Amino acid sequence: MTFDDLVERAAALVRPGRRAILGIAGSPGAGKTTLAERLVGELNADAPGRVAHVPMDGFHLADVELDRLGRRDRKGAPDTFDAAGYAALLGRLRDEEEEDDVVYAPGFERTLEQPIAGAVPVFRSARLIITEGNYLLLGDGAWTRVRSRLDEVWFCELDEEERVRRLVARHEEFGKDHDTAVAWVRGTDQRNADLVAATRDRADLVVGAEVTAAAVPARVPLGHHPRDSRSVR
């Protein structure tokens, strides 16, 4: 299965008279954001605004709140997000009776490592929402409400050595020195990655790294319905 097939499958989620939401899950550094951004770019190429990208990372709790809760040293764990707020937003995005012309979602500023309220506008014209994050398939607490609001969830899978390498590089890019980055990746990030990996079997589709790295394919219109497939390699 190729990236063309992923574009077709994402487009096919949109049905007449209803908005669809596609979730992309995976461990930290697995390529979720890259895949989401490429899908959005490709599907919007002929019809700008028809697809919106709403990352889960905007629902990080702010550092001041993590300090109050005593959880800042494991930022990125499931209980360092507002899972209920995320689920509520997804529910609002699914609601075809929503009267507002635009719904605002929070974003996440990596340089500051902080959520930013009202950073992501989702216009009424968007028929497909692509959301990505670590815990879309988690079966605990408010996270169960997240899965119920998603039409499909794909799981990004990457060679573990490469995933760790990318994650260390990302932490260094945004301000951590090498030793601190490695310690964080081997500690907090790895505990979260193990938790996410245990949810893999709940995904509708498993996407291998070689597919997300493929060349951008020919464009496919929203509403085109490809054959079904369960795993990408």
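The values are calculated or read from the model by the stated rules, or taken from the named source; none is laboratory data. Predicted model only: the values in this text are computed from it and were never measured. Cβ: placed from backbone, ideal geometry, glycine included. Neighbour counts: every protein chain shown.
Details
- Any chance Val146 is in contact with a Phe, Trp or Tyr (Cβ under 9 Å, 6 or more places away or on another chain), within 25 Å of Val211 (Cβ to Cβ) and among the aliphatic types (A, V, I, L, M): yes
- Filter pass, Ala84 being modelled with pLDDT of 95 or more, surrounded by fewer than 18 Cβ atoms within 10 Å (Cβ to Cβ) and under 22 Å from the mean Cα position of the chain (by Cα): yes
- Of all residues in region 171-198, those satisfying the criterion of being over 30 Å from Leu93 (Cα atoms) and outside any helix (DSSP H, G or I) are Phe174, Gly175, Lys176, Asp177.
- Residue match in region 123-138 (condition: more than 30 Å from Met1 (Cα to Cα) and touching a strand residue (DSSP E or B) at 6+ places or on another chain (Cβ under 8 Å)): yes
- Whenever a residue of region 91-107 is free of Cβ contacts under 8 Å to residues at least 60 places away in the same chain and hydrophobic (A, V, I, L, M, F, W, C), its partners that are part of a strand (DSSP E or B) and surrounded by 11 or more Cβ atoms within 10 Å (Cβ to Cβ), lying with C-beta atoms within less than 6 angstrom and at least six residues away or across chains, give the pairs Val102/Pro121; Val102/Phe123; Val103/Val122; Ala105/Val120.
- Wholly enclosed strands (runs of 3 or more DSSP E) of region 93-170 bearing at least 3 residues surrounded by fewer than 22 Cβ atoms within 10 Å (Cβ to Cβ): 102-109, 114-123
- Among the residues of region 199-233, those that are part of a loop (DSSP other than H, G, I, E, B), within 19 Å of the chain's Cα centre (by Cα), at pLDDT 50 or above and closer than 15 Å to Leu22 by Cβ comprise Ala203, Asp204.
- Taken together, Gly175, Gly187 contain a single residue that is modelled with pLDDT of 55 or more, out of contact with any strand residue (DSSP E or B) (no Cβ under 6 Å at 6 or more places or on another chain) and on the phi > 0 side of the Ramachandran plot, which is Gly175.
- Residues (in contact (Cβ under 8 Å) with a residue 60 or more places away in the chain and part of a loop (DSSP other than H, G, I, E, B)) located in region 69-85: Lys75, Gly76, Ala77
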